[in-house]
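Novice: Quick one: structure below, then a few questions.
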Amino acid sequence: VFQGYAAEMDNPLMAHLISPELQNKKDILFGNMEEIYHFHNRIFLRELENYVEYPELVGRCFLDQMEDFQIYEKYCQNKPRSESLWRQFSDSAFFQECQRKLDHKLSLDSYLLKPVQRITKYQLLLKEMLKYSKNCEGAEDLQEALTSILGILKAVNDSMHQIAITGYDGNLNELGKLLMQGSFNVWTDHKKGHSKVKDLARFKPMQRHLFLHEKAVLFCKKREENGEGYEKAPSYSYKHSLNMAAVGITENVKGDARKFEIWYNAREEVYIIQAPTPEVKATWVNEIRKVLT
């Protein structure tokens, strides 16, 4: 990919095949793939090779490098931009010529998907290794490595949703770390509201996608998109947010194990939130409690 495509974008002999809109877009197309390549080539592969004789201890290897795996998050966040660029120019003479020279059966986008597939494959490999390493020396490290990789996958997945938020005026990075995101039924009960509005609100829930950050919880409306691949990914139009400093929580709502309440400014606004399952509710309540304490 680097020799046959990326380097060719800077090759004067190929310049006539590149449309002007594609020039200077190398970073968007390839994201930080080169960083991922160097990490594996110079660091991770060499580490793995140290454990050829002791595969059961390979968990150590993951744990030592866990911070470096976060480069995948950056790659995945850029992927939608990369894909929409690729779709515009996939049939350009430049890409066809590169593919012909490389004698590749698959086009560039199949290779650009590799890092995304790779980061999701690690957890499967680690699970498989754990299965056969029940009582041996490295089992704990393998388990810890698996937990860490699943954490990175969750962060990647959450951030893929977060970059699809539209209509938020501020800077999302200022809200602190994104802890959770998910879809819920939400009923509102506002003290100030017109009584008719309150009655209506009580019966018909709104579908809302919630993003829980350290400093605020965002309520968004999910919009399904039509299209291919990442284009099909939903987008979320921002509706409103609550500052976590003024939020309170009621963990149990009568009559439904999936419901909890978030209230604001001493119950001036109350949001009854229904999770898809009691388990999802429990995870959210725990995370919110952590933020509040």
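The values are calculated or read from the model by the stated rules, or taken from the named source; none is laboratory data. As the structure is a prediction and not an experimental result, all values here were calculated from the model. In this analysis, Cβ positions are derived from the backbone assuming ideal geometry, glycine residues included, and neighbour counts consider all displayed protein chains. When the accessible area is computed, the model is the full protein with side chains, heavy atoms only, and any ligands, DNA or RNA have been set aside. Shrake-Rupley method; radii C 1.70, N 1.55, O 1.52, S 1.80 Å.
Novice: Identify, by number, the condition in (1) exposed (fewer than 11 other Cβ atoms within 10 Å of the Cβ); (2) touching a helix residue (DSSP H, G or I) at 6+ places or on another chain (Cβ under 9 Å) that Met14 doesn't meet.
Specialist: With respect to (1) exposed (fewer than 11 other Cβ atoms within 10 Å of the Cβ); (2) touching a helix residue (DSSP H, G or I) at 6+ places or on another chain (Cβ under 9 Å), Met14 is out only on (1).
Novice: Report, by residue number, each residue of the stretch 13-24 that is of a type outside the set (S, T, N, Q) and farther than 15 Å from Cys98 by Cβ.
Specialist: Pro20, Glu21
Novice: As an exercise: evaluate Phe62 against (1) farther than 22 Å from Ser110 by Cα; (2) aromatic (Phe, Trp, Tyr); (3) open to solvent by 40 Å² or more (accessible area, probe 1.4 Å); (4) touching a Phe, Trp or Tyr at 6+ places or on another chain (Cβ under 8 Å) and give the number of the one condition it does not meet.
Specialist: Exception for Phe62: condition (3).
Novice: For the stretch 239-264, what are the residues that are farther than 17 Å from Phe219 by Cα and either in a strand (DSSP E or B) or over 26 Å from the mean Cα position of the chain (by Cα) (or both)?
Specialist: Once the filter is applied, which keeps residues that are farther than 17 Å from Phe219 by Cα and either in a strand (DSSP E or B) or over 26 Å from the mean Cα position of the chain (by Cα) (or both), the stretch 239-264 yields Thr250, Glu251, Asn252, Val253, Lys254, Gly255, Asp256, Ala257.
Novice: Read through the list (1) out of contact with any Asp or Glu (no Cβ under 9 Å at 6 or more places or on another chain); (2) farther than 13 Å from Cys61 by Cα; (3) surrounded by fewer than 18 Cβ atoms within 10 Å (Cβ to Cβ), then give the number of the only condition that Leu153 fails.
Specialist: (3) is the only condition that Leu153 fails.
Novice: For residues that are open to solvent by 40 Å² or more (accessible area, probe 1.4 Å) and either of a type in the set (Val, Ile, Thr) or at pLDDT 90 or above (or both), tally how many sit in the stretch 156-168.
Specialist: Residues in the stretch 156-168 being open to solvent by 40 Å² or more (accessible area, probe 1.4 Å) and either of a type in the set (Val, Ile, Thr) or at pLDDT 90 or above (or both): 4 in total.
Novice: If you take the residues of the stretch 268-293 that are more than 12 Å from Ile249 (Cβ to Cβ), β-branched (Val, Ile, Thr) and under 21 Å from the mean Cα position of the chain (by Cα), which of them is least open to solvent (accessible area, probe 1.4 Å)?
Specialist: So the residue we want is Val280.
Here's the yes/no breakdown for (1) modelled with pLDDT under 75; (2) part of a helix (DSSP H, G or I); (3) in contact with a helix residue (DSSP H, G or I) (Cβ under 7 Å, 6 or more places away or on another chain); (4) of a type in the set (A, V, I, L, M, F, W, C):
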| position | (1), (2), (3), (4) |
| --- | --- |
| Asp189 | no, no, yes, no |
| Lys192 | yes, no, no, no |
| Lys198 | yes, yes, no, no |
| Ala201 | yes, yes, no, yes |
| Phe219 | no, no, no, yes |
| Lys222 | no, no, no, no |
